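Visitor: First the structure, then my questions, so here it is.
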Amino acid sequence: MSPQGTPTPAAPRTELTCGERVFAGVRGLRFRAARDVRLKTPNEMDFVLMKLDAMRIRRPRNRKDAFDLHADVRKKAPAVVNKAVAAAPERDDGLQGLHEVFADENAGGVLAESLEGMDRKLVAGDVLPTFAELRRLGWAAAGRSLR
């Protein structure tokens, strides 16, 4: 995806339905390495929706896992991500999408085709509780039980 008005990319890209919204809601980060570096990152809810959107578009032809989404939630902690998700108008869509993608070890976000046997079970053993906690917190904040 690319912001409106940018040159046509050299290679085809996956168009995400919420892509323009993600670009509109970025946060600026500035830090010093060898020189000044400025980055723009999506807010937490936009990142979740963007990743869920990408998973829906890629499937069924590419059954890639969603471990980058898992890494983001693990790094920040489910309670921190839930706070951002709970404040967003799209909260219900995000929570429902996370439930579908991380419901059990056979769900699309947990299916790691590069892993087999015990390795897959170990990964699922970390992914599933992380997202179960995020969903529990989110639905509790919404005043409902998990569907």
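The values are calculated or read from the model by the stated rules, or taken from the named source; none is laboratory data. What you are looking at is a predicted structure, and each value in this text was computed from that prediction instead of being measured. Glycine gets a Cβ as well: all are built from the backbone with ideal geometry, and neighbour counts include every protein chain shown.
Visitor: All but one of (1) closer than 14 Å to K51 by Cβ; (2) part of a helix (DSSP H, G or I); (3) not β-branched (V, I, T) hold for G108; which doesn't?
Guide: (2)
Visitor: Which one is modelled with the lowest pLDDT among residues in segment 55-76 that are farther than 20 Å from L95 by Cβ and touching a Lys or Arg at 6+ places or on another chain (Cβ under 8 Å)?
Guide: Result: K64.
Visitor: So which pairs qualify, if the first residue must be in segment 115-132 and surrounded by 15 or more Cβ atoms within 10 Å (Cβ to Cβ), the second must be in a helix (DSSP H, G or I) and of a type in the set (K, R), the Cβ gap must be under 6 Å, and the two must be at least 6 apart or on different chains?
Guide: From residues that are surrounded by 15 or more Cβ atoms within 10 Å (Cβ to Cβ), the pairs are T130/R74.
Visitor: Report yes if some residue within segment 113-128 is under 18 Å from R58 (Cα atoms) and among the acidic types (D, E); otherwise report no.
Guide: yes
Visitor: Restrict the check to segment 116-126 and report whether at least one residue is of a type outside the set (A, V, I, L, M, F, W, C) and at pLDDT 80 or above.
Guide: Yes, there is a match, as at least one residue in segment 116-126 is of a type outside the set (A, V, I, L, M, F, W, C) and at pLDDT 80 or above.
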